[in-house]
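Below you'll find the structure, written out as structure tokens, and then a few comments.
The values are calculated or read from the model by the stated rules, or taken from the named source; none is laboratory data. As the structure is a prediction and not an experimental result, all values here were calculated from the model. So basically every Cβ, Gly included, is an ideal-geometry build from the backbone, and we count neighbours across all protein chains shown.
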Amino acid sequence: MKRSRKEAHEASPAWPAAEGGRLSDRPRIERPRAAAALRTICLALAAAVAAALAGGAKGQPLDEPIKPIPTVTREDPSRVAIGRRLFTDVRLSANDQVSCASCHDLGRGGSNGKPFSVGFRGNATTVNVPTLFNASFNFRQFWNGRAETLEAQIDEVVHNSTEMGSDWSDVVRKVGADPAYRAAFAAAYPEGVSRTSIAGALAAFERTLVTPNSRFDRYLRGDASAIDATERSGYEKFKRYGCIACHQGVNVGGNMFQKFGVMGDYFAARGHAGEADLGRYLVTHDERDRHVFKVPGLRNVELTAPYFHDGSAATLEAAVAIMFRYQLGRIATPGDTQAIVAFLKTLTGERPSWP
Ligand code: HEC
Ligand code: HEC
């Protein structure tokens, strides 16, 4: 079924077919033992594929404030396999009804298309579900950055009364009662099933959720034809107007905290400000952190509507207009918005294929 770009965006679609991707481009999971040998093969393959994609006209890699996603992830496959199973396992929730995948749908950009989600006992989350793809590149986890690592994030989500409402002794008991898990954990972790190994396996799986080889990354690697003139002018505007000051690096964000509403009071304009809108202030209780959030990464952003921690922007166009208004103090022209949105859509990468 072929949908128009606009409809596809509004419906927060399933992942589109990879453009020009090959299996050999996909993120691969290396065994640490064979790492060096595999790495050599991967590099050779990547070079060959890149050359083929560029039709032999491959230029020099570009030195830009946005960096391509690495195409190789190094995680222990046995741990990743356990994490992948835990990710869809409802036994992690108190009432055996909610799994990580209930909210983070990997077929829908790692989020779920809704402003808020329902978790344990029908409670709604107070913020929009962020994508898990490329979350491992973020310097902190959560909108307000309260978790330092993926492992720490899992600790919290298991307890959270609106998400899984569980506690660790229950989770360790339920997982440990399953002979298949017991065997897999015993082979992958010296301590077997424990709070640390459960969080570790989930985090290992999450670190494989990367989406390399977007058209923009191919452009960064030297394939000038990977993006068209409009998309390229969108990227130039993204830099010129100053979006890049906050959205940069591998994840096109995810490496700093910034106030939402630098150039105007977004929350007064939106109305009904609640606790979740306080952002980082909830963590530090420092006045300067009021309405400060982690700058979200913009990888695959075309797949993750609605936008912002409050899920208030239904379309990418609306989100970009709000950014112009409240972060840059400008009114965007339709041409600027359209070009920047076209650029943002080149950031959609390839879903991982698991072994
Ligand atoms: C009921 C829905 C729900 C469930 C179930 C759920 N999450 Fe989340 N997840 C969220 C919401 C909402 C946030 C944002 C919370 C915040 O920022 O305060 C989030 C944030 C995250 C983040 C941080 C991403 C980032 O970029 O900041 C990670 C990682 C994550 N979840 C992983 C998991 C894992 C692993 C599980 C299963 C153990 C899980 N989630 C279960 C709703 C859910
Ligand atoms: C001063 C820093 C800053 C600047 C400049 C900035 N942003 Fe943002 N951006 C943020 C923050 C912070 C958020 C998260 C706001 C929230 O939801 O609380 C965000 C969110 C977004 C989102 C929503 C992402 C999602 O997953 O919900 C998009 C899209 C976006 N920005 C695009 C842009 C564009 C395009 C520009 C330039 C026109 C821009 N930003 C300029 C800091 C900035």
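Scanning the range 72-85 for residues that are within 20 Å of Glu206 (Cα to Cα), in contact with a Gly (Cβ under 7 Å, 6 or more places away or on another chain) and of a type in the set (Asp, Glu) turns up nothing.
Within the set Gly234, Gly222, the sole residue that is in the same structural domain as Gly59 (by TED's automatic domain parsing) and either basic (Lys, Arg) or surrounded by 21 or more Cβ atoms within 10 Å (Cβ to Cβ) (or both) turns out to be Gly234. The listed residues are Phe293, Phe238, Phe257, and the only one of them that is out of contact with any helix residue (DSSP H, G or I) (no Cβ under 8 Å at 6 or more places or on another chain) and of a type in the set (A, V, I, L, M, F, W, C) turns out to be Phe293. For the range 77-105, a residue qualifies if it is within 26 Å of Asn255 (Cα to Cα) and not in a helix (DSSP H, G or I), and the qualifying residues are His104, Asp105.
Among the residues of the range 137-149, the one identified as crowded, with 21+ Cβ neighbours inside 10 Å and away from ligand 2 (no atom under 14 Å from the Cβ) is Gln141.
For Arg121, indicate whether it is more than 20 Å from the chain's Cα centre (by Cα) and modelled with pLDDT under 90. Working first, answer last.
Values: more than 20 Å from the chain's Cα centre (by Cα): yes; modelled with pLDDT under 90: yes.
When the stated conditions are applied, Arg121 passes them.
For Val175, the criteria (1) in contact with an Asp or Glu (Cβ under 9 Å, 6 or more places away or on another chain); (2) under 30 Å from Asp286 (Cβ atoms); (3) within 14 Å of ligand 1 (Cβ to nearest atom); (4) not small (Gly, Ala, Ser) hold in every case but one, which is (2). Taking (1) of a type in the set (Ser, Thr, Tyr); (2) within 10 Å of ligand 1 (Cβ to nearest atom); (3) modelled with pLDDT of 95 or more in turn, Ser78 satisfies each apart from (2). Of the helices (runs of 4 or more DSSP H) lying entirely inside the range 270-355, not one is found with 1 or more residues being modelled with pLDDT under 95 and buried (at least 22 other Cβ atoms within 10 Å of the Cβ). The single condition among (1) more than 7 Å from ligand 2 (Cβ to nearest atom); (2) in contact with a strand residue (DSSP E or B) (Cβ under 8 Å, 6 or more places away or on another chain); (3) over 26 Å from Lys67 (Cβ atoms); (4) of a type in the set (Gly, Ala, Ser) that Gly279 does not satisfy is (1).
Quickly run through the range 106-128 and pick out the residues that are assigned to a loop (DSSP other than H, G, I, E, B) and closer than 10 Å to Glu163 by Cβ.
If we filter the range 106-128 for residues that are assigned to a loop (DSSP other than H, G, I, E, B), which is where we start, we get 109-110, 112-117, 119, 123, 125-128.
Within the range 106-128, Ser117, Gly119, Asn123, Thr125 meet the criteria.
So which of Val252, Val262 is among the aliphatic types (A, V, I, L, M), buried (at least 18 other Cβ atoms within 10 Å of the Cβ) and not assigned by TED's automatic domain parsing to the domain that holds Val90? Write out each step before concluding.
Working: Val262 fails: buried (at least 18 other Cβ atoms within 10 Å of the Cβ).
One residue alone meets the criteria, Val252.
Residue by residue, here is whether (1) hydroxyl-bearing (Ser, Thr, Tyr); (2) out of contact with any His (no Cβ under 8 Å at 6 or more places or on another chain); (3) within 15 Å of Ser111 (Cβ to Cβ) holds:
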position: His272; (1), (2), (3): no, yes, no
position: Glu275; (1), (2), (3): no, yes, no
position: His291; (1), (2), (3): no, yes, no
position: Asn300; (1), (2), (3): no, yes, yes
position: Ala305; (1), (2), (3): no, no, yes
position: Phe308; (1), (2), (3): no, yes, yes
position: Gly311; (1), (2), (3): no, yes, yes
position: Val320; (1), (2), (3): no, yes, no
position: Arg325; (1), (2), (3): no, yes, no
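Going through the range 180-196 one residue at a time, which ones are of a type in the set (Gly, Ala, Ser), assigned to a helix (DSSP H, G or I) and free of Cβ contacts under 8 Å to residues at least 60 places away in the same chain? It would help to see each step written out before you state the result.
Our first condition is that a residue be of a type in the set (Gly, Ala, Ser); within the range 180-196, this holds for 180, 183-184, 186-188, 192, 194.
Remaining after also requiring assigned to a helix (DSSP H, G or I): 180, 183-184, 186-188.
Once the filter is applied, which keeps residues that are of a type in the set (Gly, Ala, Ser), assigned to a helix (DSSP H, G or I) and free of Cβ contacts under 8 Å to residues at least 60 places away in the same chain, the range 180-196 yields Ala180, Ala183, Ala186.
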